Amino acid sequence: MKVHENCTCNRRSFLKGSGLTLAGVGLSTFLPSSLVDFAMAAGDSLTGKRLLFLYMGGGCDVINTVIPHGDPNYNTTTRPSLYIPTPGQPGGGINLNGFASFHPSLAKLMDCYNAGDLAVVHRLGYPTMSLSHFDGYKIWNGGDPTSIAISNGWLYRYAEANAINSGALPVITVNGATPGLINGQDRYVNIANVDNFDYIHAETVRAKFRNYWRDVYTKANGLEPFRPVLSQTGVKLIDVTQQYKLWDQANWNPKDPNTGAYLFPVDAATDTPGFGFGAYGFFKNLRICALSLLESDGRANNTRLAGMEMGGFDTHDGQGTTAGAHPDLLKWVAWGINSLRIVFSGAATYNPGQQRNYTAIWDDVAVVTFSEFGRTSRENGSLGTDHGQATFSLVAGGTVNGGVYNCDAATWENGAMFSVDGNYLSHRSDYRALFWELLRDHMGANPSSSDTVFPGYSSAGLTELNLFA
């Protein structure tokens with residue numbers, strides 16, 4: 001592909017002399033490569049479907065998250081300090097299907113679950129699961145259980161193969177560094193600090209970029225084929241930061257219409273549930289992810305993919321039963337997903353003068369969580385759990401086939417909790433099948449791109465779950 005004939009620059013000389021700089025952004029965010037291939041990628045059209053991912057880093061203890069109360073091996077012998085009583089007992093779990101229970105910290109998920117909008121997928125993994133954080137992270141984000149050498153994420157490859165490249169911010173992540181799921185050639189926006197995301201050159205430099213380069217874009221015959229030029233210049237930086245400022249995220253404080261509680265507790269003034277300072281960074285990041293998808297109106301912005309990572313689930317000691325590290329993190333996740341459902345369904349309320357009248361998009365959004373592995377079925381000697389195998393995923397959205405998967409009397413065989421090396425829960429569903437269903441059946445991915453997104457998928461013979469209506 002040729003750049004417009006009126007553009008006399010070349011990429012290397014321009015970037016070398018321009019000193020493009022942003023505060024609060026990953027260093028390589030706006031220095032993309034292979035842009036021509038990306039701009040001309042063929043795939044799905046703009047369907048309006050959107051995806052928000054949340055990585056729960058450290059290896060979440062699924063057995064104390066989605067509790068197999070129907071398994072007699074879940075008891076006070078295997079988990080003397082971590083045991084959660086059965087539903088109906090003091091401090092007990094929350095019944096889901098008569099076999100599985102939510103940890104009581106996940107109570108905020110029940111409205112979504114009871115509406116049929118939440119799929120709880122237990123026993124998720126891949127053959128011969130790694131117990132290494134590093135390898136597990138690479139495998140879950142890279143999309144190939146046979147290799148940790150993949151340098152780009154499966155969501156990145158999906159975006160390339162399906163032309164998810166329209167608008168000022170087609171993909172946005174909010175994280176200290178670009179999440180592995182979307183990592184590739186650093187072509188997408190990652191906000192490292194939501195309170196300090198700006199182009200730091202003075203206005204005179206901004207004006208110079210605008211006045212010189214705008215003329216080039218004005219003469220271009222159609223914007224999308226010339227996105228490579230746009231992405232190489234300071235105008236792209238200015239456009240993105242100006243778009244971000246228009247969101248006025250610091251003053252967007254939606255509330256639960258039933259309780260009046262703030263949906264995203266980002267400081268003491270909005271911390272209705274009393275999470276404390278440690279939760280504020282999580283909710284600031286989640287708020288930006290939510291706002292980016294709400295602002296995706298198909299015209300100015302059109303963000304299709306958003307996501308973030310959180311840590312803290314590596315609970316080797318002092319894990320906590322109904323209070324402590326693990327229960328606290330589960331409360332954040334449950335509150336966050338409930339908040340997303342409220343704002344995406346258009347039900348949130350605002351202080352006077354803050355209502356933005358966003359269109360309800362819950363039927364167009366899927367929210368998915370994942371973690372690199374589960375934890376040991378037996379509690380260790382430090383009141384915690386060690387690295388294990390099978391884990392879980394929560395998938396929420398208006399078109400999700402809600403319910404519990406792989407945790408009922410029919411799918412939970414005797415001895416399942418100790419079926420790998422006498423200490424680990426075995427997996428029943430491959431994570432690639434879940435994520436491919438998410439991309440194909442929700443996002444509208446081209447079915448022929450399965451092997452591009454997940455190497456060898458078409459020949460792997462994986463059983464899918466039928467997660468979407």
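The values are calculated or read from the model by the stated rules, or taken from the named source; none is laboratory data. Worth saying up front: this structure is predicted, and the values here are computed from it rather than measured. Here Cβ is always computed from backbone atoms with ideal geometry, including for glycine, and neighbour counts include all displayed protein chains. The accessibility values were calculated without ligands, DNA or RNA, using every heavy atom of the protein model including side chains. Shrake-Rupley method; radii C 1.70, N 1.55, O 1.52, S 1.80 Å.
Here are some notes:
- Which listed residue, of ILE94, ILE148, is at negative phi, out of contact with any Asp or Glu (no Cβ under 9 Å at 6 or more places or on another chain), aliphatic (A, V, I, L, M) and open to solvent by 10 Å² or more (accessible area, probe 1.4 Å): ILE94
- Top-ranked residue of segment 98-122 - restricted to ones that are more than 17 Å from PRO87 (Cβ to Cβ) and of a type in the set (Gly, Ala, Ser), ranked as least open to solvent (accessible area, probe 1.4 Å): ALA119
- Sole residue being within 20 Å of the chain's Cα centre (by Cα), on the phi > 0 side of the Ramachandran plot and open to solvent by 20 Å² or more (accessible area, probe 1.4 Å), chosen from GLY402, GLY461, GLY444: GLY444
- Within segment 231-264, considering residues that are of a type in the set (A, V, I, L, M, F, W, C) and at pLDDT below 90, the one nearest to ALA279 (Cα to Cα): ALA250
- Of the residues making up segment 91-118, those that are outside any helix (DSSP H, G or I), in contact (Cβ under 8 Å) with a residue 12 or more places away in the chain and not aliphatic (A, V, I, L, M) are GLY91, GLY92, GLY93, ASN97, GLY98, PHE99, SER101, PHE102, HIS103, GLY116, ASP117.
- Enumeration of residues in segment 119-149 that are in contact (Cβ under 8 Å) with a residue 40 or more places away in the chain, of a type in the set (A, V, I, L, M) and in contact with a helix residue (DSSP H, G or I) (Cβ under 8 Å, 6 or more places away or on another chain): VAL120, VAL121, LEU124, MET129
- Residue match in segment 245-264 (condition: in contact (Cβ under 8 Å) with a residue 40 or more places away in the chain, surrounded by 23 or more Cβ atoms within 10 Å (Cβ to Cβ) and farther than 19 Å from GLN355 by Cβ): no
Residue by residue, here is whether (1) open to solvent by 10 Å² or more (accessible area, probe 1.4 Å); (2) in a loop (DSSP other than H, G, I, E, B) holds:
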| residue | (1), (2) |
| --- | --- |
| THR303 | no, yes |
| ASP314 | yes, yes |
| ASP317 | yes, yes |
| ALA334 | no, no |
